[in-house]
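First the structure, in the form of structure tokens, and then the observations on it.
The values are calculated or read from the model by the stated rules, or taken from the named source; none is laboratory data. Nothing here was measured: the structure is a model prediction, and the numbers come from that model. Because the Cβ atoms are built from the backbone with ideal geometry, glycine has one as well, and the counts that use them run over all protein chains shown. All accessible areas refer to the heavy atoms of the entire protein, side chains included, with ligands and DNA or RNA removed. Shrake-Rupley method; radii C 1.70, N 1.55, O 1.52, S 1.80 Å.
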Amino acid sequence: MTPPLLSIDNVTKRYGAVTALERVSFDVYPGEVLALLGDNGAGKSTLIKIIAGAQPPSSGRLIFDGREVSFAGPAEAKAVGIETVYQDLSLCPNADVVANFFMGRERVRRFLGLEWLQERAMEEETREALAGIGARVPNLRAKVETLSGGQRQAIELARFVHWGGRLVLLDEPFAALGVTQTRRGLELIEQVRARGVAVIVITHNVLHAFQVADRMVVLHQGRVAGVRRRQDTSHEEIVALITTGSAAMAA
Ligand SMILES: Nc1ncnc2c1ncn2[C@@H]1O[C@H](COP(=O)(O)OP(=O)(O)OP(=O)(O)O)[C@@H](O)[C@H]1O
Ligand SMILES: [Mg+2]
């Protein structure tokens with residue numbers, strides 16, 4: 001069997017007197033989409049922040065690719081291929097799509113002491129990467145501030161996959177999107193997964209979870225209420241886990 005890409009092992013997080021996460025454990029496999037569900041305050045965002053290196057756990061371990069990791073910040077998580085994709089926080093609004101796609105990794109040609117950007121090659125590389133995950137961004141020279149939230153997400157996901165990302169974290173990626181953009185977003189997640197990337201997606205929408213996730217992890221008051229494979233559960237059971245922390249009601 002394929003070993004897990006990430007093991008979350010007994011992670012607890014306290015904020016003063018508040019216990020946001022209590023001994024949370026589960027595994028994430030490469031090429032799997034895992035939906036993280038739970039009511040408001042269940043601990044979903046806290047867990048995502050810990051995985052992404054934005055906050056340390058109070059106790060417990062993260063094992064990534066077989067090694068225990070401890071991230072001092074998001075840059076360290078990013079360096080091993082773990083990243084949170086937000087709708088626009090990490091894009092530069094007044095630069096165009098290609099510039100955002102490369103950002104710090106520009107292809108430069110050097111000749112006789114001169115340097116210049118290989119704009120045509122960069123544009124082509126961006127186009128191919130976007131097409132590779134089925135993203136539709138009509139004008140690669142448009143400034144990112146003129147694009148929709150869904151298109152920005154697509155650029156970030158394509159960039160993530162292209163530069164060797166392994167685990168992408170999405171916190172409510174569809175919250176601000178309309179119906180069509182949400183459907184495209186769900187399709188993008190499928191494409192990203194098909195590249196062998198692991199995806200953890202937080203959603204309040206159980207229908208979305210059933211559309212896109214291989215497995216669902218439900219948090220309830222900071223604890224894992226249940227982990228289910230999509231084919232082994234039902235809408236009712238997941239809703240019961242979210243609202244009561246127990247599947248008994250749905251049985
Ligand atoms: N920085 C913080 N300081 C103090 N308490 C916090 C902090 N961040 C989160 N909490 C608390 O931890 C618990 C879990 O919060 P978290 O944001 O992880 O929930 P969530 O599942 O993402 O909820 P939502 O669905 O509303 O986004 C809540 O009780 C919250 O008030
Ligand atoms: Mg949250």
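What the table shows:
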quantity: Sequence of W116, W163 when ordered by accessible area, the most exposed leading, probe 1.4 angstrom; calculated: W116, W163
quantity: Pairwise centroid distance, computed over Cα atoms, of segment 198-251 with segment 124-146, Å; calculated: 34
quantity: For E22, distant residues with modelled amide H under 5 Å away; calculated: K13, R223
quantity: Protein accessible area in segment 92-154, 1.4 Å probe - carbon and sulfur %; calculated: 52
quantity: Accessible surface, per residue, of the chain when the full set of protein chains is kept, probe 1.4 Å, Å²; calculated: 49
quantity: Cα lying deepest toward the dipole's positive end in the chain, options G41, M1, L177, charges on Cβ; calculated: M1
quantity: Using θ = phi - 60° and Karplus 6.51 cos²θ - 1.76 cosθ + 1.60, couplings along segment 203-215 (whole Hz; Gly, Pro as x); calculated: 8, 8, 9, 5, 4, 4, 4, 5, 6, 10, 8, 7, 9
quantity: Packing-based order for 39-51, 64-76, using average beta carbon neighbours within 10 Å, highest first; calculated: 39-51, 64-76
quantity: Protection proxy ranking, peptides 208-218, 181-191, average beta carbon neighbours within 10 Å, highest first; calculated: 208-218, 181-191
quantity: Environment charge of Y15, counting only residues whose C-beta is closer than 14 Å and scoring Lys/Arg +1, Asp/Glu -1; calculated: +2
